[in-house]
Each structure stands twice: as structure tokens, then as C-alpha cells.
Amino acid sequence: MNTITLRTIKQEDNKSLASIIRTVFEEYDTARPGTVYFDPTTDDLYSLFQTPRSVCWVAEVDGQLAGCAGIFPTPGLPDGCCEFAKFYLASFARGKGVGRKLMEQCLNTAKELGYKQVYLESLPEFNSAISLYEKLGFQPLNAPLGNSGHFGCNIWMLKNL
């Protein structure tokens, strides 16, 4: 039985999380401009998530860092809307309920912080994550919202809380 623990990000997580995120992009052959792979904030998620009304949750499986997910008040989003961002899991943690647990924690945190909607961006290659988004009530959009800077993403979804 795997023990899944969630906690907020610590500064010492930065290097390991950046490695997990970039490894995911390499695994799925999606390491291209306009994605988190090349986003300079990927190397210092701790500082990024010091932004007011943002939280980054880190998952550990049996004490080993397994991934992260957060909510972030991305500039340009409608009032009351935050972005579900930086959702990445190491390969050993997939298929064990870690992703669902992270997402549910983020959605609960968004509600606690007073958000009414959660927006996300993704890529078709991340089909298992997209399936989870749909199961949790995210609906597809025809165009992006906000100014994430991730012009390489071509799937956009929104959930009302």
C-alpha cells in the first residue's frame, strides 16, 4: 500500500520538481516552446507560489517526492477565476490516485480562497490527465483565457466551483 502525503511547497523542492516537470515533457515528446518546459518559473516554483491567493501542493508517495499541482491567479483571467497549474507527476506515481488527490486538494483550496471558477491549459498528449479533468467536471473551451504565456498549449478547460 502506497502512502500518499500532500503538503505545501518548500524552497528545497524547486530542483526536484523542475526535474520531474521537464522529465514529463520529455517522456511525452512535448518539450517545445510555449510550454512550461521552457518557462523560467519552472525552476523556482516556490517563489512563484508566494503570489497572494496561490498555493502549490506537493505530493509524496512513501516519502518520495512524486509531483505537484497548484492554483494561481493568472493575469487576465476573469474575476473569480484561477488557473489550475503545474500539475505533473513522476512516472512511478501515476495510476495510483495521486493525481486525483492533488486535483481535489487544489479545487478545495480554490473554493476556500473564494474562487468561483478554475481554468486550465493542456496538450492532447497528456490524455490521461485530460480524462481526469473531464471526470472532475472541467468543460472544454474554444480559446484560451488569461495570459499564461503558454502559447504552445491547445486544450483549454474551465470548471465552475
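If R0 is 22 Å, the Cβ-Cβ spacing of R32 and N142 corresponds to a FRET efficiency of close to 0.50. What is the count of Lys pairs in the chain whose alpha carbons sit under 23 Å apart, if the two are 8 or more places apart or on different chains? Final tally of qualifying lysine pairs is 21.
Indicate the gyration tensor shape class of the chain (rounded, prolate or oblate), computed on the Cα atoms with a ≥ b ≥ c the square roots of the eigenvalues: a/c under 1.5 is rounded; otherwise a/b larger than b/c is prolate and the rest oblate. Walk me through the numbers before you get to the answer.
Working: a/c = 1.29, a/b = 1.19, b/c = 1.08.
Rounded is the answer for the chain, as its axis ratio a/c remains below 1.5.
Per residue, the average separation of C-alpha pairs within less than 8 Å and at least 6 apart gives segment 4-160 a relative contact order of 24 percent. Tell me whether segment 6-63 comes out rounded, prolate or oblate; compute the Cα gyration tensor, take square roots of the eigenvalues as a ≥ b ≥ c, and use a/c under 1.5 as the rounded threshold. It comes out oblate by the Cα gyration axes.
Between rounded, prolate and oblate, where does segment 67-161 land on the alpha carbon gyration tensor, with a ≥ b ≥ c its root eigenvalues, rounded for a/c under 1.5, else prolate if a/b exceeds b/c? The shape class here is oblate.
Mind listing which chymotrypsin sites (Phe, Trp or Tyr not before Pro) in segment 84-161 are in a DSSP loop and have 16 or fewer other Cβ atoms within 10 Å? All intermediate terms of the calculation are to be shown ahead of the outcome.
Details: sites: F84, F87, Y88, F92, Y115, Y119, F126, Y133, F138, F151, W156; in loops: Y115, F126, F138, F151.
The qualifying sites are F151.
Taken along the Cα-to-beta-carbon direction at a fixed 7 Å, the label points for K96 and T5 span 1.3 nm. Which of these, S131, S148, S19, has the largest mean-square fluctuation under a Gaussian network model of the chain (Cα springs below 10 Å)? Maximum among the listed residues: S131.
In the chain, helical runs assigned H by DSSP with n ≥ 4 each contribute -39500 (n - 2.57); averaged across all residues and rounded to the nearest 500, the mean residue ellipticity at 222 nm is -8000 deg cm²/dmol. Estimated at 0.36 nm per residue, the fully extended path between L113 and Q50 surpasses their Cα-Cα distance by 21.2 nm. Build a GNM of the chain with springs between Cα atoms under 10 Å apart, and of L65, L102, L17 the one that fluctuates most is L65.
Comparing G70, G34, G99 in a Gaussian network model of the chain (Cα springs below 10 Å), the most mobile by mean-square fluctuation is G34.
Each value in this text was obtained by applying a stated rule to the coordinates, not by laboratory testing. All values reported here derive from a predicted model rather than from experimental measurement. Note that we place each Cβ from the backbone using ideal geometry, even for glycine, and neighbour counts take in every protein chain shown.
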